[in-house]
Structure formats: structure tokens, C-alpha cells
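Quick notes on the structure that follows.
The values are calculated or read from the model by the stated rules, or taken from the named source; none is laboratory data. Note that the structure is predicted; figures quoted are calculated from it, not measured. For neighbour counting, all protein chains shown are included, and Cβ atoms are generated from backbone atoms with ideal geometry for every residue, glycine included.
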Amino acid sequence: MTADLFESAVDVLPSREAMAEGALLLRGFARPVEVGVLAALHAIEAEAPFRRMFTPGGHQMSVAMTNCGEMGWVTDRRGYRYDGADPETAKPWPAMPALFRELAERAAREAGFSGFAPDACLINRYEPGARMSLHQDRDEKDFSSPIVSVSLGLPAIFLFGGMKRTDKPQRYRLEHGDVVVWGGLSRLFFHGVAPLADGEHAVVGRKRINLTFRRAR
Ligand code: SIN
Ligand code: FE2
């Protein structure tokens with residue numbers, strides 16, 4: 001096989017990296033739908049703008065957030081929770097676009113979780129320097145559904161640990177179009193994002209967008 005042929009074969013091969021039991025990194029999985037996803041995102045943020053929320057401890061998060069879907073994840077002085085309405089406008093969150101739901105459902109199925117029906121999509125916007133400290137996603141009613149996380153824009157270092165906060169996290173560089181799915185035995189693994197390095201992404205600009213799909217109820 002010539003080098004050229006080999007390279008084009010590599011381009012079309014889905015690249016899958018096992019991260020832990022129940023956790024899979026699907027490289028470039030969202031690339032085929034990136035234009036539609038970004039267009040839908042613009043419509044969502046026009047209705048429910050990004051905002052930097054406060055933790056129950058009173059710290060303002062460096063990551064700006066919004067949501068789409070029946071339920072949205074919010075935090076303020078009262079705690080972390082899901083809410084069917086945007087606290088800024090008291091209106092329901094924008095509907096989850098079918099394209100988002102289908103992308104999440106297909107990614108989950110690739111990782112062995114068929115029938116994933118997300119009712120919440122948290123949208124995180126990282127500007128240079130923004131980070132997310134190690135945490136577990138545990139505000140959902142039950143943990144039988146996986147989490148599907150879609151990365152767009154600037155690359156970030158995703159930290160993926162274990163069941164204990166002190167478990168040393170592995171580091172994965174997530175790039176535009178990469179999708180991570182974790183469920184089953186790793187559903188409650190600690191994870192976070194290292195401070196975003198500055199840069200300019202050709203399509204998304206000077207930021208990283210992350211869509212996190214979950215079943216909240
Ligand atoms: C999150 O844990 O909600 C965000 C993860 C990420 O931005 O990759
Ligand atoms: Fe999380």
C-alpha cells in the first residue's frame with residue numbers, strides 16, 4: 001500500500017480509544033455534523049445566552065453555560081440541580097434539536113449503550129484560561145444512562161480519573177469533533193478540564209464548546 005492510500009484509509013477509519021470500563025473516546029465522531037450542530041447552537045444561544053453561574057459556595061465559574069432540552073443543569077447559592085426553566089428568563093430551555101439527540105444516541109450506541117434518550121444538554125463555553133475542576137456528575141435521578149460529551153473548537157486536556165477524587169486522572173487531548181461516552185462502571189468517575197490554552201480555531205474561534213448530554217429524570 002502506498003503512503004497516500006494508507007493515509008486516506010486512516011482518515012475514514014473510526015478511531016476508538018477505550019479509556020476505562022464503560023468509557024470510550026470516539027475521535028472525530030461529530031465532524032460529519034459539525035455545520036448543523038454549530039448552526040443549532042447559534043439559535044440556542046440567541047434564546048438562552050451563555051452566563052457564568054455561581055457555585056453554592058459563592059464562586060463564579062470560569063466556564064460560561066447554557067442548556068437545551070427539557071431539563072437544564074444550573075447552579076447558584078441554593079445548590080446544583082436540574083430545572084425545566086432558564087432562571088434568567090423563567091422560560092423553558094430551548095428544545096433539544098433532533099440533530100443533537102441523534103448524535104448523542106448514536107455515540108452512546110457505539111459505546112454499547114443503546115436506547116440513550118437524553119433530556120438534558122448542558123452547553124459549556126471555555127475561553128482561554130477557563131477550567132473545570134474534578135467532579136462527578138451525580139445530580140441525575142439514576143445513573144443507568146451514560147454521559148455523552150461532544151467537543152468543538154479549541155483543543156482541551158480532559159482529565160479522567162476514577163471513583164475517588166484522589167485517583168490520578170488520565171489526560172486526553174480532546175479536539176474539535178471528538179466525543180467521549182462514559183457509563184456503566186465509569187458513570188461516576190471524577191473528571192474535569194485543565195485550563196484552556198489560548199488559540200484560534202478556524203471554525204469556532206477563540207474558544208472551546210462542549211455539549212454534555214445526560215438523562216436527568
Ligand atoms: C463537564 O464535565 O460538564 C464538562 C466536560 C468537558 O467540558 O469536557
Ligand atoms: Fe461533568
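Worth pointing out:
- Failed item, numbered, when ASP198 is tested on (1) closer than 20 Å to ALA40 by Cα; (2) away from ligand 2 (no atom under 16 Å from the Cβ): (1)
- Scanning segment 62-106 for residues that are in contact with a Lys or Arg (Cβ under 7 Å, 6 or more places away or on another chain), more than 20 Å from VAL150 (Cα to Cα) and not small (Gly, Ala, Ser) returns a single hit, GLU88.
- Some residue of segment 115-127 being within 14 Å of ligand 1 (Cβ to nearest atom), more than 23 Å from ARG101 (Cα to Cα) and out of contact with any His (no Cβ under 7 Å at 6 or more places or on another chain): yes
- Checking LYS164 against (1) assigned to a loop (DSSP other than H, G, I, E, B); (2) among the basic types (Lys, Arg); (3) within 12 Å of ligand 1 (Cβ to nearest atom), the condition it does not meet: (3)
- Residue match in segment 22-33 (condition: small (Gly, Ala, Ser), closer than 21 Å to GLY205 by Cβ, modelled with pLDDT of 95 or more and within 16 Å of the chain's Cα centre (by Cα)): yes
- Yes/no for PHE158 being buried (at least 16 other Cβ atoms within 10 Å of the Cβ) and part of a loop (DSSP other than H, G, I, E, B): no
- Which numbered condition GLY192 misses (of (1) assigned to a loop (DSSP other than H, G, I, E, B); (2) surrounded by 15 or more Cβ atoms within 10 Å (Cβ to Cβ); (3) within 13 Å of ligand 2 (Cβ to nearest atom)): (1)
- Here VAL179, VAL150, VAL204 are screened, and the one residue that is out of contact with any Phe, Trp or Tyr (no Cβ under 8 Å at 6 or more places or on another chain) and closer than 23 Å to LEU41 by Cβ is VAL204.
- Filtered residues of segment 58-97 (kept if acidic (Asp, Glu) and either closer than 24 Å to PRO195 by Cα or surrounded by fewer than 13 Cβ atoms within 10 Å (Cβ to Cβ) (or both)): ASP76, GLU88
- Of all the listed residues (PRO146, PRO118), the sole one being under 14 Å from ALA23 (Cβ atoms), within 16 Å of the chain's Cα centre (by Cα) and crowded, with 21+ Cβ neighbours inside 10 Å is PRO146.
- Taken together, the criteria place ALA130 among residues that are under 22 Å from VAL74 (Cα atoms), touching a residue at least 24 places away in the same chain (Cβ under 8 Å) and out of contact with any helix residue (DSSP H, G or I) (no Cβ under 8 Å at 6 or more places or on another chain).
- Verdict on ALA85 being more than 17 Å from the chain's Cα centre (by Cα), under 15 Å from GLY69 (Cβ atoms) and aliphatic (A, V, I, L, M): yes
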